[in-house]
Amino acid sequence: MLYNQLYSFWIFTIVLTIFPAHGVVGQNSSQILDVFESIVDCASCLAALIPLQTLAHLGNDAFSDTFIAVCDVAQLEDPDVCSGLMSRLGPIIAHDLRSIDVAGQTAPRLCDALFGFCASKTPNPFAVPLPSPSVPLAPPSEPTVRKTPFQVVHISDVHIDREYTVGSEANCTKNICCRNFADEAGDPITDPAQPFGNSKCDSPASLADSMLDAVNSFNAQFVIFTGDVVEGAQIVLSIEVTSDLTDFNVEMLSKISAPIFPAIGVDSTPVNSFPRNTTDTTLDVQWVFDTQSAGWEQWIGSAASQQVDHISGSYAATVPDMNLVILSLNTQYWYRQNLWLYDSDTFQPDPNGILSFMVEQLQAAENTGQRVWVIGHIPLGKSDIVEDQSNYYDQVLQRYKDTIVGQFFGHSHKDQFEIAYSNYNDQTAANAVGVGLICPALTPTSGNPAFKVYDVDPDTFGIMNIRVIFANITDPSFQENPTWEVYYDARETYGPLVGLPAMSELTPAFWHNLTEVFMTNDTAFQLFNTFLSRGGDVAPCTVADNCKNTTICDQRAFRSQNNCDVDEGAFGMLRRRNSRGSQRQEGSECEGIGIREILDEIRGKSLRV
């Protein structure tokens, strides 16, 4: 305790020197670098919030200008990247710091969001209000005779860069490339952007159009889209994002004949910025909900469209001519990198009433005997979902496990799954009650562009099979006209490994049994590891580096408190030092290089090798 007090006093003394009453950093930026680099654990991070809070009280401009100067002095990003990102996110961080007690319950979570320290796997205790079943429910049984399945297509994370320019530099120094930048004019091109994309860049519109044509060729009954439209250029995100959202809605309408059920992604200004209803700010994102309410009404209907507008982007819509409800949830209010979540020390278990809306719609479906598919952007087991809301979602899932027959997400850019259990301390096939199916991305930054096609039982609405459809970016014909083909068939590939009966669905028990196979059959596991990126960006994953054990643990964690991911703080940063290209690859799950990645770089500048 005495050490922490002395450390805090030392930091506070520095801040009085660095931040005089009438000015900000200037030539003292190197001292601020020292402050960032001193953050090595949770205690030192909490202590560093004291001078940062003092700086925040000087105003948004002073705070943002200081962060910009620090970023510039560190010379870790181009000046326009530093200015763009810090000027947009700086005011939110300053608002947080002015609104909380640095010794309160929110401070550790802010440290985790910004610096990767003080992470917790323990959710705040809270029981979601759940109505009791009106009649005893029996779990749906698998039919002895199956009707012909129908098809559903799942797309996600398109990240379309409307400024993608053929012939521009793909191997640039910014957090987005394949564009014409004024400060790079005249520089020799080392890796010219091609017509249909580059693995270092987000998707050109041509690639998105090609995928949508391929989607339409499957004659699906409907399509689900689990979010993320705009490119990862946080440096340029502004209100013009509206046109990106509108343009993609128009493209989907023109290319796809089937109904589409979308979900809200990170598409706000700045990225990930979704203030709670309790937040006093003029920087609201109602324009996102207004835009998508209008754009989606043609597919989801007027009632669901109004819900998008008034339920913070969430809605429930019945699939035409089916006894199936699509429940689309805006998971951004549960996202660890939504910095608006750290502006109050008051415990808020259900930001913007998303969980309450979920319960209301599930109860309505239960009352009428309908089945429900839940769709959302961020899977509930990821380390970047707040453990509180992940736990509370799980409570809802346990109550309505017989009504919820499918759960679909994106965000990670990878082909993955996460299993929910009735007892996480006894993870067995018998206790597996749900599974989140995660769609790979269109954007080539995380591997070959891909989407999924589900074969769905028309009576139970359970998943009979999954095919991943991809376009191989290394194919010589890709840049002329991408060929979309089956990458693998889940039933053919995984079914024999677990002895899957011919009439059986891909149940949560099936996915658990597959993880059992992965534990003992490394050949099968390495096949899954290759599938993650559709063969486009395969990274080693073995028992020796603990990657395999962590991956299987994460497959068995549809609650973020149960995953085995560890926030490594300064040590995580060292793995991103090989090249700027690899930085972008590792950052793809967090939608590109953001505030935490840059702060991590600044803090670890003295550790460069």
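The values are calculated or read from the model by the stated rules, or taken from the named source; none is laboratory data. On a predicted model such as this, the values are computed, not experimentally measured, just so you know. Reconstructed Cβ throughout: ideal geometry from the backbone, glycine too, with neighbour counts over all protein chains shown.
State whether one or more residues within segment 36-45 are modelled with pLDDT under 90 and either of a type outside the set (Phe, Trp, Tyr) or not in a helix (DSSP H, G or I) (or both). Checked segment 36-45: at least one residue is modelled with pLDDT under 90 and either of a type outside the set (Phe, Trp, Tyr) or not in a helix (DSSP H, G or I) (or both). Is there a residue being of a type in the set (Val, Ile, Thr) and under 27 Å from Ile260 (Cβ atoms) anywhere in segment 137-152? The answer is yes, given that some residue of segment 137-152 is of a type in the set (Val, Ile, Thr) and under 27 Å from Ile260 (Cβ atoms). The criterion of being of a type in the set (S, T, N, Q) and surrounded by 12 or more Cβ atoms within 10 Å (Cβ to Cβ) holds for Thr106.
This table checks each residue for (1) touching a residue at least 24 places away in the same chain (Cβ under 8 Å); (2) β-branched (Val, Ile, Thr); (3) under 30 Å from Asp202 (Cα atoms).
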residue: Pro440; (1), (2), (3): yes, no, yes
residue: Pro444; (1), (2), (3): yes, no, yes
residue: Asn481; (1), (2), (3): yes, no, yes
residue: Pro496; (1), (2), (3): no, no, no
residue: Leu500; (1), (2), (3): no, no, no
residue: Leu506; (1), (2), (3): yes, no, no
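The residues in segment 380-403 that are within 19 Å of His512 (Cα to Cα) and under 22 Å from the mean Cα position of the chain (by Cα) can be counted, and the count is 5. For segment 478-503, the tally of residues that are modelled with pLDDT under 95 and part of a helix (DSSP H, G or I) stands at 0.
Here Ala258 clears all of (1) surrounded by fewer than 20 Cβ atoms within 10 Å (Cβ to Cβ); (2) outside any loop (DSSP other than H, G, I, E, B) except the condition numbered (2). Checked against (1) surrounded by 21 or more Cβ atoms within 10 Å (Cβ to Cβ); (2) over 22 Å from Gln221 (Cα atoms), Ile469 passes all but condition (2). Residues that are assigned to a helix (DSSP H, G or I) and of a type outside the set (Ser, Thr, Tyr) were ranked within segment 333-354; the one that is nearest to Asp459 (Cα to Cα) is Ile354.
Within segment 346-354, is there a residue that is among the hydrophobic types (A, V, I, L, M, F, W, C) and closer than 23 Å to Pro262 by Cβ? Yes, segment 346-354 contains a residue that is among the hydrophobic types (A, V, I, L, M, F, W, C) and closer than 23 Å to Pro262 by Cβ.
Would you check if there is a residue in segment 320-332 being under 19 Å from the mean Cα position of the chain (by Cα), part of a loop (DSSP other than H, G, I, E, B), among the small types (Gly, Ala, Ser) and closer than 30 Å to Gly116 by Cα? Walk me through it before giving the result.
Just the residues of segment 320-332 that are under 19 Å from the mean Cα position of the chain (by Cα), to begin with: 327-332.
From what's left, part of a loop (DSSP other than H, G, I, E, B): 330.
Among the residues that remain, those that are also among the small types (Gly, Ala, Ser) are: none.
For segment 320-332, residues under 19 Å from the mean Cα position of the chain (by Cα), part of a loop (DSSP other than H, G, I, E, B), among the small types (Gly, Ala, Ser) and closer than 30 Å to Gly116 by Cα: absent.
Here Phe196 meets each of (1) in the same structural domain as Val433 (by TED's automatic domain parsing); (2) at pLDDT 95 or above with one exception, condition (1). Residues of segment 420-435 that are farther than 20 Å from Gln370 by Cβ and crowded, with 24+ Cβ neighbours inside 10 Å: Ala420, Tyr421.
Restricting attention to segment 288-301, the residues that are in a loop (DSSP other than H, G, I, E, B) and either at pLDDT below 95 or among the polar types (S, T, N, Q) (or both) add up to 0.
Yes/no per residue for (1) at pLDDT 95 or above; (2) charged (D, E, K, R); (3) in contact with a strand residue (DSSP E or B) (Cβ under 9 Å, 6 or more places away or on another chain):
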position: Asp350; (1), (2), (3): yes, yes, no
position: Ser356; (1), (2), (3): yes, no, no
position: Phe417; (1), (2), (3): yes, no, yes
position: Asp426; (1), (2), (3): yes, yes, no
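Looking at segment 284-311, which of its residues are surrounded by 16 or more Cβ atoms within 10 Å (Cβ to Cβ) and of a type in the set (S, T, N, Q)? I'd like the intermediate steps shown before the answer.
First, the residues of segment 284-311 that are surrounded by 16 or more Cβ atoms within 10 Å (Cβ to Cβ): 285, 288-289, 291-293, 295-297, 299-301, 304-305, 307-309, 311.
Of everything in segment 284-311, those that are surrounded by 16 or more Cβ atoms within 10 Å (Cβ to Cβ) and of a type in the set (S, T, N, Q) turn out to be Thr291, Gln292, Ser293, Ser305, Gln307.
Reported count of residues in segment 302-319, each being part of a helix (DSSP H, G or I) and not hydrophobic (A, V, I, L, M, F, W, C), is 6.
Among the residues making up segment 57-78, a single one is farther than 19 Å from Asp343 by Cα and free of Cβ contacts under 8 Å to residues at least 12 places away in the same chain: Gln75.
Give Gln407, Gln416 a once-over and let me know the one that is farther than 26 Å from Arg146 by Cβ and surrounded by 21 or more Cβ atoms within 10 Å (Cβ to Cβ). Outline the logic, then answer.
Values: Gln407 fails: farther than 26 Å from Arg146 by Cβ.
Of Gln407, Gln416, the one residue that is farther than 26 Å from Arg146 by Cβ and surrounded by 21 or more Cβ atoms within 10 Å (Cβ to Cβ) is Gln416.
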